[in-house]
Amino acid sequence: MNDDIKKGLLGIVVDETEVSKVMPEINSLTYRGYAAQDLCEYCRFEEVAYLILNKDLPNSIQLKKFEREERNNRELTKNLYEIIKHMPKKSHPMDVARTAVSVMGLEDKETTDSSHESNMRKALRIFAKTPTALAAFYRIRKGKKIIKPKKTLSFAENFFYMCFGKVPQKEIVKAFDVSLILYAEHSFNVSTFTARTITSSLSDIHGAITGAIASLKGPLHGGANEEVMHMMNKIKKPSNALKWIKNALKNKEVVMGFGHRVYKSGDSRVPTMREYFGKVAKIKKDKKYEKIYDIVEKVMIKEKNIHPNVDYPTGPTYHLMGFDTDFFTPIFVISRITGWSAHIMEQHAANKLIRPLASYKGNRHRKVMQLNQR
Ligand code: CMC
């Protein structure tokens, strides 16, 4: 292949951003200049969502207003509930999320207005409604009654409530909140770049987020947290883990939840998420997945020098919280809507059509034969 080709845009800087900075050399990640692990320690997810969208942490009045708006926009239209009720029960919830956001675009009165003010209002509506759509599907496919959102509950509490009918103890809610903070933003990853590419043709925010969800679904990106759980289920018990991972490496398999395009010596989000995975395992009195986790991680680092990424600890954490495996990536969606929206608005503010080149290697100058001569 021609040396000028940067397949997968490896190492290519395509634009500037103020939203977040990934610093693999010092194993750090900042959102608008704040370290993600500090945000996990001192903030609730809503504060971080506000920060990502508005460029600054809120004071208490700003936070109250933001939360009020989010809570007031959670409800879906009757039409969207009906559409979700009629979706095939076996649909992947990522496809449900993608379709739901697309329908929100059909219903939104401001769809064609891509001004910053309008995009802010639409981002907030998508952010508030997508968890309701997903939770409705969570219940419907189990033959259960939909639980409507509750305004007295936080973003995280409300998601548990709409899925399970109750809010778990505060340590579990905190672990979930931390996972949302860590998933909220990560610079020019595949789904964000997809959203920015769609935006660059001056398309609308609903379309850009719909495309981003499709991109996040893939197992090399957000879908990895589900694949991690499938892997742990295949391993079954800690005593099988060593043999399983050695065999996987012998067969040159890609081990899900490991490796990263940018971080080569460890994902900065992993230590925080690993800590909260441990806390949830302790509360649930289930150490099985932690033991499997540690064995597989040790072998991957020792034999391949490949470290876990954030999807490795989130997978088993969500499982212990009681979520179905195919809901793990949709949880990533409800958080990343904030990062995608910030990037979409940044792209709109300083747009340049994204249109790379390709090196052609197909046939040249073929003569067209008429149909009856072929
Ligand atoms: N298991 C086994 N080998 C791996 C892995 C892995 N998870 N990741 C990388 N490698 C090997 C790969 O086979 C290659 O080896 P060789 O040079 O001998 O061909 C080398 O490491 C470089 O890997 P690469 O695939 O060329 O690197 P990349 O930067 O293109 O890929 C990646 C990054 C995330 C796609 C890849 O590490 C991977 O497939 N990981 C598994 C899926 C996963 O966990 N994705 C989540 C990504 S982070 C969070 C998120 O976005 O959700």
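Quick notes on this structure:
- H230, sole failed condition from (1) under 17 Å from the mean Cα position of the chain (by Cα); (2) within 16 Å of the ligand (Cβ to nearest atom); (3) of a type outside the set (V, I, T); (4) open to solvent by 10 Å² or more (accessible area, probe 1.4 Å): (1)
- Filtering the range 313-331 to residues that are open to solvent by 10 Å² or more (accessible area, probe 1.4 Å) and under 18 Å from T272 (Cα atoms) leaves H319, L320, M321.
- For the range 195-220, taking the residues that are within 16 Å of the ligand (Cβ to nearest atom) and open to solvent by 40 Å² or more (accessible area, probe 1.4 Å), the one that is nearest to the chain's Cα centre (by Cα) is identified as K217.
- Taken over the range 257-300, the residue count meeting the criterion of being away from the ligand (no atom under 16 Å from the Cβ) and under 21 Å from the mean Cα position of the chain (by Cα) is 3.
- Matching option when the condition is closer than 24 Å to G218 by Cβ, open to solvent by 10 Å² or more (accessible area, probe 1.4 Å) and not assigned by TED's automatic domain parsing to the domain that holds P24, among V310, V262, V296: V262
- Wholly within the range 1-120, helices (runs of 4 or more DSSP H) carrying at least 1 residues that are under 30 Å from G143 (Cα atoms) and open to solvent by less than 10 Å² (accessible area, probe 1.4 Å): 60-72, 78-85, 93-107
- Residue in the range 243-256 that is open to solvent by less than 30 Å² (accessible area, probe 1.4 Å) and within 21 Å of the chain's Cα centre (by Cα) present: yes
The values are calculated or read from the model by the stated rules, or taken from the named source; none is laboratory data. Note that the coordinates shown come from a computational prediction; the quantities given were computed from them, not determined experimentally. Don't worry about glycine lacking a Cβ; one is built from the backbone with ideal geometry, like all the others, and counts go over all protein chains shown. To get the accessible areas, we keep the full protein, side chains included, count just its heavy atoms, and leave off ligands, DNA and RNA. Shrake-Rupley method; radii C 1.70, N 1.55, O 1.52, S 1.80 Å.
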